[in-house]
Structure formats: C-alpha cells, structure tokens
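What follows is one structure encoded as structure tokens, with my remarks underneath.
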Amino acid sequence: MQNLSSVNKKNTTLSFWFATLSLITLFAASASPIPLYSIYRNSIGLTTESISLTAVFYFIGCIISLIILSRLSNYLGRKPVSVVAQLLGMTGLLLLLTATSPLGIIEARFFQGLACGLASSVMSVFIVESSANKSLTLVNAITGSSVLVGLAFGGLLSGVFVQINSHGSKYIYWLLFILLAICSVGILKGKESIPKRIGAIKSLRPQIKIPIEARKYLPSAIGIFAGTWAIGGYFQAFSSTIGVTVFHMNSPIISAIILASFMAPNLLGSSLSGRLNQIRGENIGILIFMLCIMMMYISFLVKLFPLFLIASIVAGIAQGIAYSSAMQALLIKSREEEKAGVLSVIYFISYGGAALPSFILGRFSNHLDFYQISLTYLIIVLLLGSLTLIYNSKIRNKEQPKNI
C-alpha cells in the first residue's frame, strides 16, 4: 500500500505537469487564429485596423485578469482559478468556431486574453509551488518560456492544419478545446498547493505591488518586459502581413513559421539565462535583441526572407535570456506569498508593452504603411533597450565596492 508521502508526491507531480500543459495549451489556443488572418481578410472582411483591434482587445483581457482576478487564487486556491482560466479559453475557441465577422474574432480574442492573463500569473505560481523534486533549471525554463512556446506551437499547428485542409481551422480549434478539457480534469485530480482562506472579494480590488527589496531592479526590467513583448505583439498582429506584404508569400504555413521563428527559440534563451547572473543576462540579452530587430528591419528593405528568419530566431533566443534574467531578478527578492503578485506585475508590464503600441499604431493604420509601422516598433525597442542598459550600468556602479 502506498504511504501518504508517495501519494502526495504523485499528486504534486500531476499538478506540475498538468499546470505546465495547461499554460502551454492556453497560449497555443490564443495563437491559433493568428496565421489565419490572411484567410479571414477574404472570408469575413478582416482589415489591418481590425487585426490591430484583435491584438488590443486580447491584451485588454490579459490586463483585466492580471490586475483584478489574479489574486483570487491566493484565497480560493490555485486549482479552481486555473480551471476558470481554461473555461475562459474554451469559450474563446467556441467564439472562433462561430465567428462570421471581424467583431466575432475580436470577442474571441478578448476571452482568450482573459484566459491567458489569468493563467500567466496563477499557473506560473502553481507550477513553482508544485515543483518539489524538480530541477531549478527545468522550473525556470518552464515559467520563463511556456507562454512563447505555446504561442509558437499553436501558430505552427494551426498553419499546418489549414495548409493541409481548407477547413483545418475548425479541426485545430476543436483539438485545442478537447486538450483544455483534459487539462482541466488533470488539474482537478492534482494536489492543491495552498489552503483556502477568506478575503476573496477584497482581492478583486486592483493592486500593483512590488516588494521593496526588488524595486531597484524594476526600471531595467520594465525596458525588457515592455520592449520584448512589444515585438511579440507585433508578430501576433502582423505575421501574416509580413509574409504577404514584404516577402509575397500568401500561405498560412508561412505565417505560422514567421510567428514560431520568434516565439519558439525563447525556450533555449530561458535555459541559457541560468548560466549568467541576472544583470549580465539582462544586458547581453537586450543588446542582442536590439541588434536583431534592426537586422529584421533591414531584411524587410532588402527582401531577404532567410536573413529575416535568422534575425527572428536569434531575437527569440535573446528575448529568452533577457526576460528570464529580469524575471528572476525580481522573484529572487520576493517572499513566497509575494510571488503571485510579482508575476502579475511582470505580466501586466509585458502585456501593456504589447498592447499600447498595437492600439496607438492601429489608430494610424490608414495613414502609415507597414514599413513605417515596423520602423516605429524598432524605435520603441531601441529606446526601451537603452533604458535597461543605462539603468543596469547605474546599478552595477552602485554595487561595486569603493576604494578607501
């Protein structure tokens, strides 16, 4: 007969892996419509402006979850709130299945945003809390890269399905719906990581809070979180446009490859970040990232798709190094009970960095061509990346021992 310790370990492992799979699947679902935007242009009249709005409402949903709903799990438990996130994601997929106008896509993306915002904070903490006997490298790689790996996987899978079958979008949406349902059952069978307590209603009050010990690392982290996710938002909105407008390749699979080329390498970068101290990882990652986004823009001007792919892949690796380093710099200075709130702040800044450029440039999409929009994103990255490098230089100078 199994003893209590072995049962608890088994249930904790179940929670760990199903929380990981749930987080990846939710973000895969959120990326699944992106390679299909070129198809939706012809079938339901999706315009460049409405594509920007899909990104904006997705990020609005994320931010609402992060600042209002994310702390519910501290009171109700990680399991029920994780399941709510999956139900929201499943609702988004059902809306995509029934969408007949741009408004339907926008509504679906909003629900996906609610789901992903809730999952990115709650499930990330659930993974950490359920990681007993798991290596720190594995846990850091999962929490630092699951979001972008999910986005890459969902986009690529969607592109492949539609390339094979013109009705593939319905198959991919149903497949992800079933996966989320299975994940919900797995989460419910796993072990809860914190006790329930009263105060859930009070937790709905919007709150942004960083522990005092971590605050000096926040300005440099803002440059990384906002700058890298601005480009992530760019790829989510314009991966189809890049293929069609710049390289004249109108194919869902090409759109999916473009999206995956930036998102997937993040996993490698997150793993590499563990070999560097936090400030060094931030500096190396964001500097390479800035250079790669410059190279990406040059590839647009000279119409070289291989150069674009190289720049995009290396940028994804650099993002993983910088983002994971900045995340760890904040989390390492936070107590266990503070980590859910810190993760909410991290993702709030990240989603804000993605949403704000999408919203502003979407308003001017009728007056700016795609190259001008891309140049604006490059300028944003250079400004925010410079903020990180300058502020980290000040931190390093303060921490160096002074000669007496």
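Readers should treat all values here as calculations from the given coordinates under stated rules, not as data from a laboratory. Keep in mind it's a predicted model, so treat the numbers as computed, not measured. Cβ placement follows ideal geometry from the backbone for every residue including glycine, while neighbour counts extend to all protein chains displayed.
Mind scanning LYS79/LYS189; LYS209/LYS398; LYS79/LYS196; LYS209/LYS394; LYS79/LYS191 and naming the pairs with a C-alpha gap bigger than 18 Å?
Values: LYS79/LYS189 9 Å; LYS209/LYS398 24 Å; LYS79/LYS196 11 Å; LYS209/LYS394 23 Å; LYS79/LYS191 8 Å.
Pairs exceeding 18 Å: LYS209/LYS398; LYS209/LYS394.
Screening the chain for whole DSSP H helices of 18 Å or more along their axis (Cα) with average Kyte-Doolittle hydropathy at least -0.5 returns 4-31, 48-64, 78-98, 102-129, 136-164, 168-189, 218-241, 278-302, 305-331, 339-363, 370-399. Oblate is the label for the range 174-332. Its Cα gyration tensor axes, ordered a ≥ b ≥ c, give a/c of at least 1.5 and b/c at or above a/b. For the residues TYR391, TYR347, TYR58, a GNM of the chain with alpha-carbon springs under 10 Å puts the largest fluctuation on TYR391.
What net charge do the residues around THR143 carry, taking every other residue with its C-beta under 12 Å from that of THR143, with Lys and Arg at +1 and Asp and Glu at -1?
Surrounding charge for THR143 is +1.
Let me have the relative contact order for the chain, percent, based on Cα pairs under 8 Å that are six or more residues apart.
Working: 732 pairs, mean separation 103.0, N = 404.
Rounded, it is 25 percent for the chain.
Among ASN283, ASN266, ASN42, the residue with the largest mean-square fluctuation in a Gaussian network model of the chain, with springs joining Cα atoms closer than 10 Å, is ASN42.
Can you tell me the length gained on complete extension of the stretch SER43 to ILE395, counting 0.36 nm per residue apart and subtracting the Cα distance? Walk me through the numbers on the way to the answer.
On the way: separation 352, 0.36 × 352 = 126.72 nm, distance 5.31 nm.
Separation in residues times 0.36 nm, less the Cα-Cα distance, equals 121.4 nm.
The label-point distance for LEU14 and ILE201, in a model that sets each label 7 Å from Cα toward Cβ, rounds to 3.4 nm.
Within the listed set ARG78, ARG275, ARG109, the residue fluctuating most in the Gaussian network model of the chain (springs between alpha-carbon atoms under 10 angstrom) is ARG275. If a/c stays under 1.5 just call it rounded; otherwise compare a/b with b/c (prolate if a/b is bigger, oblate if not). Do that for the chain, with a ≥ b ≥ c from the square roots of the Cα gyration tensor eigenvalues. Oblate shape, in that a/c is at least 1.5 and b/c is the bigger or equal ratio. Computed about the Cα centre, the dipole magnitude for the range 247-404 is approximately 400 debye when only Lys and Arg (+1) and Asp and Glu (-1) carry charge, each at its Cβ.
Its residues counted as N, the range 301-378 yields a C-alpha radius of gyration over 2.2 N^0.38 Å of 1.48.
Here the extension length gained between LEU94 and ILE379 equals 98.8 nm, from 0.36 nm per residue of separation less the Cα-Cα distance.
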